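All remarks here apply to the structure that follows.
The values are calculated or read from the model by the stated rules, or taken from the named source; none is laboratory data. It should be emphasised that the depicted structure is a prediction, and the values quoted were computed from it without experimental measurement. Here the Cβ positions follow ideal geometry from the backbone for every residue, glycine too, while neighbour counts run over all protein chains shown. We work out accessible area using only protein heavy atoms, side chains counted, and drop any ligands, DNA or RNA first. Shrake-Rupley method; radii C 1.70, N 1.55, O 1.52, S 1.80 Å.
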Amino acid sequence: MKPHSHAKTVAPLLAALSLALLAAYPGAARAQSNEELLKELRALKERVGQLEDKLKAAEQKTAAPAPTTAQWGMTPQQVQEFNRIAVKTEALEDNAEAMGTKGLKFSGYMEPTYIYNRAQNRASFQFLNNVADDGFNYDNSYMGTLALDLQKETENGTRWRLTLSPNRGTDAVIGNGGIVQEASVSVPLGDLQTRMIAGHIPDWSGYEYLPPTQNKLITHNLLFDFTLPTAYTGAGIELTRGKWISKAVLANMNASKLPSGEKAPVLAYRVDYARGEFQGFGFAGVHGKAANGVGGTGNTELHLFELDGYFIRGDWTVQGQLSLGQQKRAAITPDPETGALRTAQWLGLSGLAAYKFSPRVEGIARLDWLKNDKHGGGLLGYGADPRNGIGPAIVGRDVDSGELIFGDAEKGATRTALSLGLNYLYDLNTSFKLEYRLDRANVSVFEQVKDGSFRKSNSLLGAAMVVKF
C-alpha cells in the first residue's frame, strides 16, 4: 500500500472500533444520556483528526522535496522545461535513427540560364538541355542545371553521397545518359583522417567547380572545359595531415567501365594545402590510358598535370591555374609523309579576379590562354571543332561531303577568352549573374552558322539565376 493512503483509512477504522466497543457494553451506553454520548463522539472525532494530521506530516517528511532554488542558474520551472525538451529531443533522435535519417543532409540548386551566341546565331533559354542533343561546348558546359544532393554520415564516420543532375551531370557528359553527378563513399580506416574513397567521383582539378553555386561566372574557363577530365569511376585513399589533404584513385577516366581489350586504369591524384580559409594552393595529375577523340584509335597514353591556387584579402579574390598535358596519337593532323597519328600537346593559363563593391554586388574578370598549335592541335577528347575554336585555320567546307577544309594543317589555334561578369546576391538563397565573354583565336576557327564563314572571334552574353536550398 502506498504511504499517502494511510490517512484515508484511519477514520473508518476508528469509527468501526468505537461501534464495536458500544456493542460490547450495551448497558453502559444506555446508562448514559444522549448529551454525554454526543460529547464522547465529538472527542473521538477530534482525536481521529489529530491522527490524520500527524500522518500527513510524516508523508511530507519522507517525500522528495520539490526544488525551491535555482539549479545550474535556472528556476525550478526552467528545470522542468529543460527536462521536457531533453526527453523530447532524445525521442526525436531515436526516431531519426530508426527511420535512417540521422546524419542525413539534403541540399540542392537550380540555374535557369539565358545565352546569346553570335557565331551560333542563337539566343535561347537553357535549362536541363540534354548533352546528347547538343554535345559539350563552352557555351553550354554545365550551365542550366538542376541538382539534388544527399549526404549521410554514420556514427562510425562513413560518408555517403549521391548527387543527381538530370541531363547536365557528369554521367551525362561522359556519354552514359544517366542523371548521376556523383555517387561516392568515404570510409574511415582506423581514424577519420585516413579514408578509403570509391564510386563515381567528379574531377577535382583546377580552381573552378561544377556547381554554379561555387562558380563565380556562368561559363567555365578554357582549361576546365577542354584540358581536364570529367569524372573517375574507381577507388583510392584520402589522407588529411594538418593543413595538407591528399587523395589518389585508380579509376576509369570518363567511363563507367573500360572497353574490351583495356585492362589498366589511370592514376589520378590531388594534393591541397590551405593556410586557413583565405589562401591555399593545390596540384593534380592524371597518368594512364584514356579515350582518344581522333581517328577512332581507342584509348591512348595520357599525361595531365595542373597547379592552382587562391588568395582572398578583404573584398578581393584572386584565383589562378596552370595546366599542361599530352596524349599520344591524338593530334588533329597525321604525319604528312607517313600518315601516322602524332602526339597532341597543350599548355594553358587561367586567372580570375573578383572585387566586392558591396556585400551584395561583386564584379568578376577572368582571362584564359590556351596554346594548342602542335600538329594541328588536339585537346582532351577533341579533334577539329569549329564551334569551340579548336584546330587549324579553317577556310571552308567541302560542298559535297561537308568536311572541313584546313589552311595550314600543321598549326593549331592558340585560344584566348576574356569574361566580364557581375553577381548580385538577392538573398541568402538567390543570386543573379550577368556575363559578357569574348573568345578569340590566332586563326579563323569559329564557324558563323548564319552564312557559313569562319572568323577569329566570337561573342557570348549570358544571364542566370541561381537558387539553392
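Would you confirm, using the coordinates I've provided, whether Gly402 is in a strand (DSSP E or B) and either within 29 Å of the chain's Cα centre (by Cα) or surrounded by fewer than 20 Cβ atoms within 10 Å (Cβ to Cβ) (or both)?
Details: in a strand (DSSP E or B): no; either within 29 Å of the chain's Cα centre (by Cα) or surrounded by fewer than 20 Cβ atoms within 10 Å (Cβ to Cβ) (or both): yes.
Answer is no for this residue.
Tell me, which residue of the range 266-277 that is over 20 Å from the mean Cα position of the chain (by Cα) and modelled with pLDDT under 95 is most open to solvent (accessible area, probe 1.4 Å)?
Among residues in the range 266-277 that are over 20 Å from the mean Cα position of the chain (by Cα) and modelled with pLDDT under 95, the one most open to solvent (accessible area, probe 1.4 Å) is Arg275.
Out of Pro392, Pro386, I need the residue that is touching a Ser or Thr at 6+ places or on another chain (Cβ under 8 Å) and open to solvent by less than 30 Å² (accessible area, probe 1.4 Å). Which one? Spell out how you get there, then give the answer.
Details: Pro386 fails: touching a Ser or Thr at 6+ places or on another chain (Cβ under 8 Å).
Residue meeting the stated conditions: Pro392.
Results for (1) without any contact (Cβ under 8 Å) to a residue 40 or more places away in the chain; (2) over 16 Å from Asn129 (Cα atoms); (3) open to solvent by less than 50 Å² (accessible area, probe 1.4 Å), shown as yes or no for each residue.
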| residue | (1), (2), (3) |
| --- | --- |
| Pro166 | yes, no, yes |
| Gly177 | no, no, no |
| Pro188 | yes, yes, yes |
| Gln193 | no, yes, no |
| Met196 | no, yes, no |
| Gln214 | yes, yes, no |
| Leu222 | no, yes, yes |
| Asp225 | no, yes, yes |
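Which residue out of Leu404, Leu434 is at pLDDT below 95 and hydrophobic (A, V, I, L, M, F, W, C)?
Values: Leu434 fails: at pLDDT below 95.
Every option except Leu404 fails the conditions.
Filter the range 339-393 down to residues that are of a type in the set (Gly, Ala, Ser), out of contact with any Asp or Glu (no Cβ under 8 Å at 6 or more places or on another chain) and part of a loop (DSSP other than H, G, I, E, B) and give me whichever is farthest from Glu447 (Cα to Cα).
Per the criteria, the residue is Ser358.
Out of the range 411-446, which residues are open to solvent by 80 Å² or more (accessible area, probe 1.4 Å) and more than 19 Å from Ala353 (Cβ to Cβ)?
Lys411, Tyr426, Leu428, Phe432, Arg440, Asn442
If I filter the range 330-362 down to residues being of a type in the set (D, E, K, R) and under 28 Å from the mean Cα position of the chain (by Cα), which single residue comes out as nearest to Glu208 (Cα to Cα)?
In this case the residue turns out to be Glu362.
All but one of (1) buried (at least 18 other Cβ atoms within 10 Å of the Cβ); (2) under 19 Å from Gly103 (Cα atoms); (3) not acidic (Asp, Glu) hold for Trp160, so report the exception by its number.
If we test Trp160 against (1) buried (at least 18 other Cβ atoms within 10 Å of the Cβ); (2) under 19 Å from Gly103 (Cα atoms); (3) not acidic (Asp, Glu), just (1) comes out false.
Taking only the range 158-177 into account, find how many residues are modelled with pLDDT of 95 or more and either in a strand (DSSP E or B) or more than 20 Å from Tyr209 (Cβ to Cβ) (or both).
7
Name the single residue, out of those in the range 80-102 being over 30 Å from Leu148 (Cα atoms) and open to solvent by 90 Å² or more (accessible area, probe 1.4 Å), that is farthest from the chain's Cα centre (by Cα). Lay out the reasoning, then the answer.
First, pick out the residues of the range 80-102 that are over 30 Å from Leu148 (Cα atoms): 80-88.
Those still in the list that are open to solvent by 90 Å² or more (accessible area, probe 1.4 Å) too: 80, 82, 84, 87-88.
On the way: Gln80: 40, Phe82: 35, Arg84: 36, Val87: 33, Lys88: 31 Å.
Filtering the range 80-102 for residues that are over 30 Å from Leu148 (Cα atoms) and open to solvent by 90 Å² or more (accessible area, probe 1.4 Å), the one farthest from the chain's Cα centre (by Cα) comes out as Gln80.
In the range 447-464, how many residues are open to solvent by 70 Å² or more (accessible area, probe 1.4 Å) and either closer than 14 Å to Pro212 by Cβ or touching a His at 6+ places or on another chain (Cβ under 6 Å) (or both)? Write out each step before concluding.
Applying the first criterion (open to solvent by 70 Å² or more (accessible area, probe 1.4 Å)) to the range 447-464 yields 449-451, 455-456, 461.
Narrowing the set further to residues that are either closer than 14 Å to Pro212 by Cβ or touching a His at 6+ places or on another chain (Cβ under 6 Å) (or both) leaves none.
Counting residues in the range 447-464 that are open to solvent by 70 Å² or more (accessible area, probe 1.4 Å) and either closer than 14 Å to Pro212 by Cβ or touching a His at 6+ places or on another chain (Cβ under 6 Å) (or both) gives 0.
Filtering the range 394-423 down to residues that are among the aliphatic types (A, V, I, L, M) and touching a residue at least 40 places away in the same chain (Cβ under 8 Å), which residue is farthest from Thr333 (Cα to Cα)?
The initial filter retains those residues of the range 394-423 that are among the aliphatic types (A, V, I, L, M), namely 394-395, 399, 404-405, 409, 413, 417-418, 420, 422.
If we keep only those that are touching a residue at least 40 places away in the same chain (Cβ under 8 Å) as well, we get 394-395, 409, 413, 417-418, 420, 422.
Values: Ile394: 13, Val395: 16, Ala409: 6, Ala413: 13, Ala417: 24, Leu418: 28, Leu420: 34, Leu422: 40 Å.
The qualifying residue farthest from Thr333 (Cα to Cα) is Leu422.
State whether the residues of the range 103-112 include one that is within 18 Å of Lys433 (Cβ to Cβ), assigned to a loop (DSSP other than H, G, I, E, B), at pLDDT 95 or above and open to solvent by less than 80 Å² (accessible area, probe 1.4 Å).
Among the residues of the range 103-112, at least one is within 18 Å of Lys433 (Cβ to Cβ), assigned to a loop (DSSP other than H, G, I, E, B), at pLDDT 95 or above and open to solvent by less than 80 Å² (accessible area, probe 1.4 Å), which makes the answer yes.
Any idea which of Gly293, Gly285, Gly325 is buried (at least 18 other Cβ atoms within 10 Å of the Cβ), small (Gly, Ala, Ser), in a strand (DSSP E or B) and over 23 Å from the mean Cα position of the chain (by Cα)? Steps first, answer last, please.
Numbers: Gly293 fails: in a strand (DSSP E or B); Gly285 fails: over 23 Å from the mean Cα position of the chain (by Cα).
Criteria check complete, one pass: Gly325.
Taking the range 227-267, which residues are touching a residue at least 60 places away in the same chain (Cβ under 8 Å) and either part of a loop (DSSP other than H, G, I, E, B) or under 21 Å from Gln345 (Cβ atoms) (or both)?
Within the range 227-267, Thr227, Leu228, Pro229, Thr230, Asn254, Ala255, Ser256 meet the criteria.
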